[in-house]
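The values are calculated or read from the model by the stated rules, or taken from the named source; none is laboratory data. Please read these numbers as outputs of a predicted model, since none were measured by experiment. A quick note on method: Cβ atoms are made from the backbone with ideal geometry, for glycine too, and the neighbour counts reach across all protein chains shown.
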Amino acid sequence: MAVLRCTIGVASFMLFAGGAANALAQADNAPPSEQAPVEGAAGRGVRILPPEPPAPKPVAQEPQAPQQQPIHAVPPAPAVAPGRKVPVAAAPVAVAPVAPVLKACDRPVAKPTLRFTDPARFDRALKGKLRRGRPVVVDLDTPYPADNEAPLPLGAWLNEIKQSGGTVSVAPYCQKGRGLGGFFAKLFGGGPAEPYKAARRYDAVLHVDAVDQVVTQVEFAPRKATK
């Protein structure tokens, strides 16, 4: 009896479990109208939409860079063999203008008779040369400007020639003279002097370097006889 009761109990439990499972399966497959009502907004037929994404923030436009000019293609440098030096072009060097160099001109008389170096001895030396009646050339170690008076005592000899009726002229050399005329009036001062009477038979020629405008030599030439 006890065994029969256990078997009946087990069979009843299995029937009850199978019925419950079938009931659950039918409930899942039933149409929506027959399914159990859903609570909340979904049960009332309201559709819940997902939240919209936030609108993007406006982006400030950056100023456009100026368009660059197209760069011309540079031809590739020629290949150089290893160990060979590439000649480098030297940069052009500005050449400064060179001022023309004026060559000093030779004085007209290469072998003068006297040199005007010591004024104290010059009078005696010149007087002795003029008494011979031959041309005498005096070379000036220190030339003087052509528009100035001749230094003493040379100026006294030139003055004696002028006062005695002789001529004192200018002979420019090296190039054409510039404004060398009309300056004789202030070259000599004073009147005839007895110590210089040997110059009365002579004329004088002033050799002037026209470039530097200085008197370099004084030539005493015998005066030509007047008719």
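For region 124-137, name all the residues that are under 17 Å from Asp203 (Cα atoms) and either surrounded by fewer than 16 Cβ atoms within 10 Å (Cβ to Cβ) or within 52 Å of the chain's Cα centre (by Cα) (or both).
Let us first name the residues in region 124-137 that are under 17 Å from Asp203 (Cα atoms), namely 126-137.
Hits for region 124-137 are Lys127, Gly128, Arg131, Arg132, Gly133, Arg134, Pro135.
Inside region 196-213, can you point out the residues that are assigned to a strand (DSSP E or B) and more than 22 Å from Asp123 (Cα to Cα)? Please lay out each step first, then the result.
Within region 196-213, the first condition is being assigned to a strand (DSSP E or B), and the residues that meet it are 202-209.
Result: Val208, Asp209.
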Pairs returned, first residue in region 109-136 that is within 28 Å of Ala225 (Cβ to Cβ), second residue that is of a type in the set (Gly, Ala, Ser), beta-carbon separation under 7 angstrom, 6 or more apart or interchain, are Leu114/Ala125; Lys127/Ala198; Leu130/Ala198; Leu130/Ala199; Arg131/Ala198; Pro135/Ala221
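Taking the conditions exactly as written (part of a loop (DSSP other than H, G, I, E, B) and either under 16 Å from Gln217 (Cα atoms) or β-branched (Val, Ile, Thr) (or both)), does Ala171 satisfy them or not? Spell out how you get there, then give the answer.
Working: part of a loop (DSSP other than H, G, I, E, B): no; either under 16 Å from Gln217 (Cα atoms) or β-branched (Val, Ile, Thr) (or both): yes.
For Ala171, the condition - part of a loop (DSSP other than H, G, I, E, B) and either under 16 Å from Gln217 (Cα atoms) or β-branched (Val, Ile, Thr) (or both) - is not met.
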Over region 123-156, the set of residues under 16 Å from Thr216 (Cα atoms) and touching a Lys or Arg at 6+ places or on another chain (Cβ under 9 Å) is Val136, Val137, Val138, Asp139, Leu140, Asp141, Asp147, Asn148, Glu149
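Let's see how each residue does on (1) at pLDDT below 90; (2) of a type outside the set (D, E, K, R); (3) under 19 Å from Arg200 (Cβ atoms); (4) part of a loop (DSSP other than H, G, I, E, B):
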{"site": "Leu140", "(1), (2), (3), (4)": "no, yes, no, no"}
{"site": "Tyr144", "(1), (2), (3), (4)": "no, yes, no, no"}
{"site": "Pro151", "(1), (2), (3), (4)": "no, yes, no, yes"}
{"site": "Gly155", "(1), (2), (3), (4)": "no, yes, yes, no"}
